[in-house]
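Asker: The structure that follows is given in the form of structure tokens.
The values are calculated or read from the model by the stated rules, or taken from the named source; none is laboratory data. Keep in mind the model is a prediction, meaning the values are calculated, not measured. Virtual Cβ from ideal backbone geometry, glycine too; neighbours counted across all protein chains shown.
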Amino acid sequence: MSHIRMAIGKHKWIKHTFFLLIGLVIFILLIRYGGTESLKQFTDLKFIPSIGIIITTLIITGSVAIRWQNITNTLLNSTIARSFQFYYFFIISRVSGFILPKDLTDFGLRILWLKKIKKIPLSVAGSSVAIDRIFDLMILIIFFIGSLPFWFGLNNLYLALSIIALFPIIIGITLLFIHKSFLTGIENIFSFGLKIGLKLPVIKKKIPQELPFSFQDKKVLRTVYFLSFLKFLSTIARFVLFALALNIPISPELIIIGAPLGQLSYLIAFTPGGLGIMEAGWLGVLKLLHVQTDIAIDFVVGQRILTIGVILILALISHLIKTFTEIKTS
């Protein structure tokens, strides 16, 4: 707990608490505006979609942990920990993200684990997490670009869905076979993004402005891109499963087409875990897709509560596995 207090800084606790309250107020207002029906939907959860939510969440968190592990191993040119250890500290950071500042949980806690426990240099620890987050941004932008023709009214819904499905695949294939000079250009773009993205309070001035990661290694690039693609695909699938589990009448097609734009709201969220801000962003997207307000609110409220519940379950299971393993090996 002392490490967390140090990472945030005493003078920033008031600011953090204020942002947390903003998120809670927005979320409570959504529930109030939607009425008690937005909570009654949990009394009749559909079993099979609920299991699907757990599975897709496991895929999402697992793909991030393995991606982070691959990036860290590449930076160090060695293996420092098993996949489960990366998974455990990532899932713990996700739980912490429900109440702690977004930049701290995205960077601080994971960096702290690599630096304090694994004795990894701060520059490498910070770069591994930053590059991991940059790939999230990259795949989101790719999916978003694929959805742009629909939002500009240049195609119908089903043609747009085809573009969203094919565009990330085409980009992935292109990255595998493209000329070396193009990969160098991608590196330069990422380096520029790193310089901008690493100006967050928790890690400011602690991370080098150079990108210690080569995109010329196609094996690593292929693995990291595939895991990023799998994560976002699973995220979209989980949103569809949220609607099915809660028996909310929103068609899967609308959720898929709205997901890239809806997820963009998470990037600008300043509240812990994007609480309130992400829900408001998704609500706006669903309204653009002509979904009734009460139905849209049921969806955004339901997905938040289910997400928290599933993450807590996975974190608890991970902690039990970690404790059992430590007892067994001691």
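Asker: Restrict the check to the stretch 315-323 and report whether at least one residue is crowded, with 19+ Cβ neighbours inside 10 Å, touching a residue at least 60 places away in the same chain (Cβ under 8 Å) and basic (Lys, Arg).
Answerer: Looking for residues that are crowded, with 19+ Cβ neighbours inside 10 Å, touching a residue at least 60 places away in the same chain (Cβ under 8 Å) and basic (Lys, Arg), one finds none in the stretch 315-323, hence no.
Asker: Another question, if that's okay. What is the one condition in (1) farther than 18 Å from residue 279 by Cβ; (2) modelled with pLDDT under 90; (3) among the β-branched types (Val, Ile, Thr) that residue 31 does not satisfy?
Answerer: Single failed check for residue 31: (1).
Asker: Separate question: Looking at residue 122 and the list (1) under 24 Å from residue 237 (Cα atoms); (2) more than 12 Å from the chain's Cα centre (by Cα); (3) surrounded by fewer than 20 Cβ atoms within 10 Å (Cβ to Cβ); (4) among the aliphatic types (A, V, I, L, M), which single condition is not satisfied?
Answerer: Residue 122 satisfies all of (1) under 24 Å from residue 237 (Cα atoms); (2) more than 12 Å from the chain's Cα centre (by Cα); (3) surrounded by fewer than 20 Cβ atoms within 10 Å (Cβ to Cβ); (4) among the aliphatic types (A, V, I, L, M) except (1).
Asker: Kindly indicate which of 312, 306, 286 is touching a residue at least 60 places away in the same chain (Cβ under 8 Å) and crowded, with 20+ Cβ neighbours inside 10 Å.
Answerer: When all the criteria are applied, what remains is 306.
Asker: Restricting to the stretch 242-263, count the residues that are more than 16 Å from residue 143 (Cβ to Cβ) and either of a type outside the set (Val, Ile, Thr) or in a helix (DSSP H, G or I) (or both).
Answerer: Adding up the residues that qualify gives 8.
Asker: On to the next question. Would you call residue 147 at pLDDT 85 or above and among the hydroxyl-bearing types (Ser, Thr, Tyr)?
Answerer: Taking the combined requirement at face value, the residue satisfies it.
Asker: Let me ask something else about it. Restricted to the stretch 290-316, and to residues that are in a helix (DSSP H, G or I) and more than 20 Å from the chain's Cα centre (by Cα), which residue is nearest to residue 30 (Cα to Cα)?
Answerer: 297
Asker: Let me ask something additional. If the requirement is being in a helix (DSSP H, G or I), buried (at least 19 other Cβ atoms within 10 Å of the Cβ) and modelled with pLDDT of 80 or more, which of these qualifies: 50, 93, 38?
Answerer: Every option except 93 fails the conditions.
Asker: Taking the stretch 270-325 as the region of interest, how many residues are polar (S, T, N, Q) and within 26 Å of residue 152 (Cβ to Cβ)?
Answerer: The total comes to 2.
Asker: Hey, another quick one. Please determine, by comparing only the residues of the stretch 237-278 that are at positive phi and in contact with a Lys or Arg (Cβ under 8 Å, 6 or more places away or on another chain), which one is surrounded by the most Cβ atoms within 10 Å (Cβ to Cβ).
Answerer: 273
Asker: If you don't mind, another one. Among the numbered criteria (1) part of a helix (DSSP H, G or I); (2) closer than 30 Å to residue 21 by Cα; (3) not small (Gly, Ala, Ser), which single criterion is violated by residue 55?
Answerer: The one condition residue 55 does not meet is (2).
Asker: Consider residue 87 carefully, then state whether it is surrounded by fewer than 21 Cβ atoms within 10 Å (Cβ to Cβ), part of a helix (DSSP H, G or I) and over 13 Å from the mean Cα position of the chain (by Cα).
Answerer: no
Asker: For the stretch 274-292, state whether one or more residues are out of contact with any strand residue (DSSP E or B) (no Cβ under 6 Å at 6 or more places or on another chain), of a type in the set (Val, Ile, Thr) and modelled with pLDDT of 90 or more.
Answerer: yes
Asker: Restrict the check to the stretch 207-222 and report whether at least one residue is modelled with pLDDT of 65 or more, hydrophobic (A, V, I, L, M, F, W, C) and either part of a helix (DSSP H, G or I) or in contact with a strand residue (DSSP E or B) (Cβ under 6 Å, 6 or more places away or on another chain) (or both).
Answerer: yes
Asker: Report, ordered by the first and then the second residue, all pairs with beta carbons closer than 7 Å, sequence separation of six or more or different chains, a first member in the stretch 219-247 that is more than 14 Å from residue 49 (Cα to Cα), and a second member that is among the acidic types (Asp, Glu).
Answerer: Between residues of the stretch 219-247 that are more than 14 Å from residue 49 (Cα to Cα) and residues that are among the acidic types (Asp, Glu), the close pairs are 228/136.
Asker: While we're looking at this one, here's another question. Across the stretch 65-91, what is the number of residues that are under 17 Å from residue 317 (Cβ atoms) and in contact (Cβ under 8 Å) with a residue 12 or more places away in the chain?
Answerer: 9
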